[in-house]
Amino acid sequence: MKRELKKQLGLVGNPLSHTLSPFIHKSLLSLRSLSADYGLFEADLSALPALFESTLIKLDGFNVTAPHKVNIIPLLGGLSKRAEMFGAVNTVAAENGKAVGYNTDSIGFLRSLEYAGIELGGRVLILGAGGAARMFAFESALAGAEVTLAVRTTGLEKAKKLKDEMENRLSKRAGILTLDSVNEGYDLIINATPVGMYPDTESSPLAPETVCKSAAVFDAVYNPGETLLSKYAREGGLKCVNGLPMLVWQAVAAEEIWNGISFEKSEVERVTKLTKEELEKR
Ligand code: NAP
């Protein structure tokens with residue numbers, strides 16, 4: 001029999017029509033015969049402060065997704081060290097009357113690499129310079145990696161800003177390239193662009209001959225289960241993991257914060273498999 005946690009949880013973002021988060025949290029809690037309310041709150045930027053005051057602040061905790069991972073910060077009463085460093089929050093917990101922001105995306109990223117047997121270090125090439133790239137770049141630099149950012153021409157300014165931030169906040173240098181000029185091999189390529197994501201499944205940010213010079217690929221995209229970039233990596237014999245384990249591990253980390261529940265690797269793998277099946281069904 002399921003026990004009700006009596007917790008009011010949820011997700012804020014826009015749009016939320018394709019979100020897998022309710023499915024993932026329900027699946028995780030089912031493993032402990034638990035359930036909780038996980039509501040969906042769609043709001044655009046102008047509606048976020050009013051929604052926060054009327055509803056979100058009264059919840060026990062909530063997740064935050066695009067486009068509010070940065071916008072939510074001024075509304076919160078505190079930030080974890082990681083959330084403060086990345087300037088992005090994807091999990092909020094009510095703690096002693098304060099809404100405290102966390103970044104569990106970074107925990108999800110690190111755990112999914114670890115369980116895929118991919119070491120974060122050496123020369124790391126990060127494709128993109130948006131919100132996810134920022135976290136990947138910071139975590140890579142903190143792990144001692146030598147970071148290079150590769151962007152399309154329109155993204156050069158953003159990449160320069162990220163490079164400057166890495167220097168100012170972490171005292172770590174980063175290189176910048178355009179995507180079409182990448183021609184060396186790296187210990188790890190991290191795709192932090194939406195290139196290859198459904199419905200644009202015939203695109204890859206890098207050509208196969210470039211991908212094959214490297215040792216491993218982490219693709220933040222999880223729909224489809226195998227992007228063209230991941231296919232090039234698999235065919236070239238590289239270690240490779242897509243964004244789905246990261247998505248599930250960040251939810252696991254949120255459950256640890258909200259409910260003090262932890263999960264074994266085998267349980268998380270089971271939920272990742274169920275989530276993959278759910279994604280394929282949709
Ligand atoms: P974002 O802030 O919008 O950044 C996107 C980056 O990709 C920007 O640098 C953008 O460059 C670049 N880009 C967009 N279209 C491109 C194209 N056609 N060719 C080359 N570069 C392109 O997005 P984000 O939040 O960082 O998310 C990036 C990806 O990570 C998305 O696919 C998202 O679904 C995924 N993600 C996955 C997880 C997970 O749990 N697995 C978590 C977070 C994000 P410009 O500046 O030139 O536009």
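The values are calculated or read from the model by the stated rules, or taken from the named source; none is laboratory data. As the structure is a computational prediction, the values presented were derived from the model and not from experiment. No Cβ is skipped: glycine too gets one built from the backbone with ideal geometry, and neighbour counts run over all protein chains shown.
Does the range 223-236 contain at least one residue that is surrounded by fewer than 18 Cβ atoms within 10 Å (Cβ to Cβ) and more than 30 Å from Lys281 (Cβ to Cβ)?
Initial filter on the range 223-236 (surrounded by fewer than 18 Cβ atoms within 10 Å (Cβ to Cβ)): 224-226, 231, 234-236.
Adding the requirement that they be more than 30 Å from Lys281 (Cβ to Cβ) leaves 236.
Yes; the residues of the range 223-236 include at least one that is surrounded by fewer than 18 Cβ atoms within 10 Å (Cβ to Cβ) and more than 30 Å from Lys281 (Cβ to Cβ).
Quick one: Pro205 ticks every box in (1) in contact with a strand residue (DSSP E or B) (Cβ under 8 Å, 6 or more places away or on another chain); (2) buried (at least 18 other Cβ atoms within 10 Å of the Cβ); (3) within 21 Å of Asp105 (Cα to Cα) except a single one, so which number is it?
For Pro205, the exception is condition (3).
For the range 28-47, state whether one or more residues are over 21 Å from the mean Cα position of the chain (by Cα), at positive phi and small (Gly, Ala, Ser). Before the answer, list the steps.
So the first thing to find is which residues in the range 28-47 are over 21 Å from the mean Cα position of the chain (by Cα), and the list is 30-37, 46-47.
Now drop any that are not at positive phi, which leaves 33.
Subset that is small (Gly, Ala, Ser): 33.
Yes, the range 28-47 contains a residue that is over 21 Å from the mean Cα position of the chain (by Cα), at positive phi and small (Gly, Ala, Ser).
Out of Leu170, Leu206, I need the residue that is farther than 30 Å from Leu28 by Cβ and within 14 Å of the ligand (Cβ to nearest atom). Which one? Lay out the reasoning, then the answer.
On the way: Leu170 fails: within 14 Å of the ligand (Cβ to nearest atom).
Checking each option against the conditions leaves just Leu206.
What is the residue count in the range 251-260 for residues that are in contact with a helix residue (DSSP H, G or I) (Cβ under 9 Å, 6 or more places away or on another chain), touching a residue at least 12 places away in the same chain (Cβ under 8 Å) and more than 16 Å from the ligand (Cβ to nearest atom)? Break it down stepwise before answering.
Here is the first cut: in the range 251-260, the ones in contact with a helix residue (DSSP H, G or I) (Cβ under 9 Å, 6 or more places away or on another chain) are 251-257, 259.
Still in the list and also touching a residue at least 12 places away in the same chain (Cβ under 8 Å): 251-255, 257, 259.
From what's left, more than 16 Å from the ligand (Cβ to nearest atom): 257, 259.
Looking only at that region, the number is 2.
Being closer than 30 Å to Asn96 by Cβ and touching a helix residue (DSSP H, G or I) at 6+ places or on another chain (Cβ under 7 Å) narrows it down to one of Val248, Val217, Val241, so name that one. Let's see the steps before the verdict.
Working: Val217 fails: closer than 30 Å to Asn96 by Cβ; Val241 fails: closer than 30 Å to Asn96 by Cβ.
Result of the check over Val248, Val217, Val241: Val248.
Only one residue in Gly144, Gly121, Gly155, Gly175 is within 16 Å of the ligand (Cβ to nearest atom), farther than 19 Å from Tyr232 by Cβ, at pLDDT 95 or above and surrounded by fewer than 14 Cβ atoms within 10 Å (Cβ to Cβ). Which one?
Numbers: Gly144 fails: within 16 Å of the ligand (Cβ to nearest atom); Gly121 fails: within 16 Å of the ligand (Cβ to nearest atom); Gly155 fails: surrounded by fewer than 14 Cβ atoms within 10 Å (Cβ to Cβ).
Only one candidate passes the filter, namely Gly175.
So which of Pro205, Pro199, Pro224, Pro194 ends up being in a loop (DSSP other than H, G, I, E, B) and without any contact (Cβ under 8 Å) to a residue 24 or more places away in the chain?
Of Pro205, Pro199, Pro224, Pro194, the one residue that is in a loop (DSSP other than H, G, I, E, B) and without any contact (Cβ under 8 Å) to a residue 24 or more places away in the chain is Pro199.
Quick check on my filter: what residues within the range 67-104 are touching a residue at least 60 places away in the same chain (Cβ under 8 Å), over 21 Å from Leu5 (Cα atoms) and among the aliphatic types (A, V, I, L, M)?
Val70, Ile72, Met85
Only one of (1) near the ligand (Cβ under 9 Å from one of its atoms); (2) over 28 Å from Leu31 (Cβ atoms); (3) among the small types (Gly, Ala, Ser) is not met by Ala220, so which one is it?
Exception for Ala220: condition (2).
Can you spot a residue in the range 171-185 that is part of a loop (DSSP other than H, G, I, E, B) and within 20 Å of the chain's Cα centre (by Cα)?
So in the range 171-185, the residues part of a loop (DSSP other than H, G, I, E, B) come out as 171-173, 182-185.
From what is left, the residues that are within 20 Å of the chain's Cα centre (by Cα) are none.
No.
Which one of these is modelled with pLDDT under 95 and surrounded by fewer than 15 Cβ atoms within 10 Å (Cβ to Cβ): Ser54, Ser33?
Ser33
Just to be sure I understand, how many residues within the range 75-99 are closer than 15 Å to Val12 by Cα, of a type outside the set (Gly, Ala, Ser) and away from the ligand (no atom under 11 Å from the Cβ)?
5
Report, by residue number, each residue of the range 42-74 that is touching a His at 6+ places or on another chain (Cβ under 8 Å) and either within 16 Å of the ligand (Cβ to nearest atom) or under 18 Å from Gly108 (Cβ atoms) (or both). Lay out the reasoning, then the answer.
Let us first name the residues in the range 42-74 that are touching a His at 6+ places or on another chain (Cβ under 8 Å), namely 43, 45, 48.
Residue satisfying the conditions is Leu45 alone.
Being under 16 Å from Val217 (Cα atoms) and of a type in the set (A, V, I, L, M) is the filter here, so list the residues in the range 102-143 that pass it.
Passing the criteria: Leu110, Leu113, Ala116, Ile118, Leu120, Val124, Leu125, Ile126, Leu127, Ala132, Ala133, Ala137.
Consider the range 16-28. How many of its residues are within 22 Å of Gly101 (Cβ to Cβ) and either part of a helix (DSSP H, G or I) or at pLDDT below 95 (or both)?
Taking the range 16-28 as the starting set, the residues that turn out to be within 22 Å of Gly101 (Cβ to Cβ) are 16, 19-22, 24-25, 28.
Filter again for either part of a helix (DSSP H, G or I) or at pLDDT below 95 (or both), leaving 21-22, 24-25, 28.
Here the count works out to 5.
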